[in-house]
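Everything on this sheet refers to the single structure shown next.
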Amino acid sequence: MPVTFQDLGAGATIIAVLALLSLLSWVLIVVKILQLWRCRSGGKLRTEAFGLWRKGEKDAARAALEKGRSPADRTTSYAMGALQRGLGGPALEAELARRGNEEIARLTGMIRILELIAMVSPLLGLLGTVLGMIQSFQELEMAQGAANASVLAGGIWQALLTTAAGLLVAIPAAVAAGLFSARIDNAAQTIESAVGRLLLIEDHPNA
């Protein structure tokens, strides 16, 4: 016999909340996949641009990087423009650090929401189970011990259903948040590496 929301009793509201959290988490996961898809791209493009920069073809190098779509491309392109304008030293390094932090901040947007969903969903599921167990034992007390064991068991498994639902919501959100964070860390390293390589070429063209 299929389970309806009425059968879940106190857990019905929690199941509905978990369903909304699940929908939200999957929307966020798709959005982040699209956003982070190219965050580490452009390696070949940057290598070509660095080659042009080393040869003194600085305008061509910067123009090549302006076609890039990754944070490292944008940050390195700005660094090239700044060097052409004569900006350098600690002032340029500070500005590049600020821009790099802004790029990473944009990439990390909504990751906290996924982490929050992963943390809260099991707790909501456990709350639903506890409420369902309380309801089941209240019914047993009202029956003064004459309740059918199968009815009591049915109430218990329906209560446990909320815990299972909470875990089903939390696990994908937790896995996605972890994978996204790792990819963002790699993107940050790519930005640092690209900028560092450019500054090294600028100071030591033959390095």
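Between 146, 153, which is at pLDDT below 90, among the hydrophobic types (A, V, I, L, M, F, W, C), over 30 Å from residue 71 (Cβ atoms) and not in a helix (DSSP H, G or I)?
Values: 153 fails: not in a helix (DSSP H, G or I).
Selected residue: 146, the only one of 146, 153 that is at pLDDT below 90, among the hydrophobic types (A, V, I, L, M, F, W, C), over 30 Å from residue 71 (Cβ atoms) and not in a helix (DSSP H, G or I).
Inside the stretch 1-105, counting only helices (runs of 4 or more DSSP H) that do not spill past its ends, which hold 3 or more residues that are closer than 28 Å to residue 176 by Cβ and touching a Gly at 6+ places or on another chain (Cβ under 8 Å)? First the steps, then the outcome.
Working: elements: 5-8, 11-36, 43-54, 58-65, 71-84.
Hits in the stretch 1-105: 11-36, 71-84.
Go through 41, 77, 70 for me and flag whichever is surrounded by 14 or more Cβ atoms within 10 Å (Cβ to Cβ), hydroxyl-bearing (Ser, Thr, Tyr) and at pLDDT below 90. Spell out how you get there, then give the answer.
Details: 77 fails: at pLDDT below 90; 70 fails: at pLDDT below 90.
On inspection, the qualifying residue turns out to be 41.
Looking only at the stretch 89-105, count how many residues are free of Cβ contacts under 8 Å to residues at least 40 places away in the same chain and within 18 Å of the chain's Cα centre (by Cα).
3
When you scan the stretch 15-66, how many residues do you find that are within 23 Å of residue 190 (Cβ to Cβ), among the polar types (S, T, N, Q) and touching a residue at least 40 places away in the same chain (Cβ under 8 Å)?
Count: 1.
The values are calculated or read from the model by the stated rules, or taken from the named source; none is laboratory data. Predicted model only: the values in this text are computed from it and were never measured. Reconstructed Cβ throughout: ideal geometry from the backbone, glycine too, with neighbour counts over all protein chains shown.
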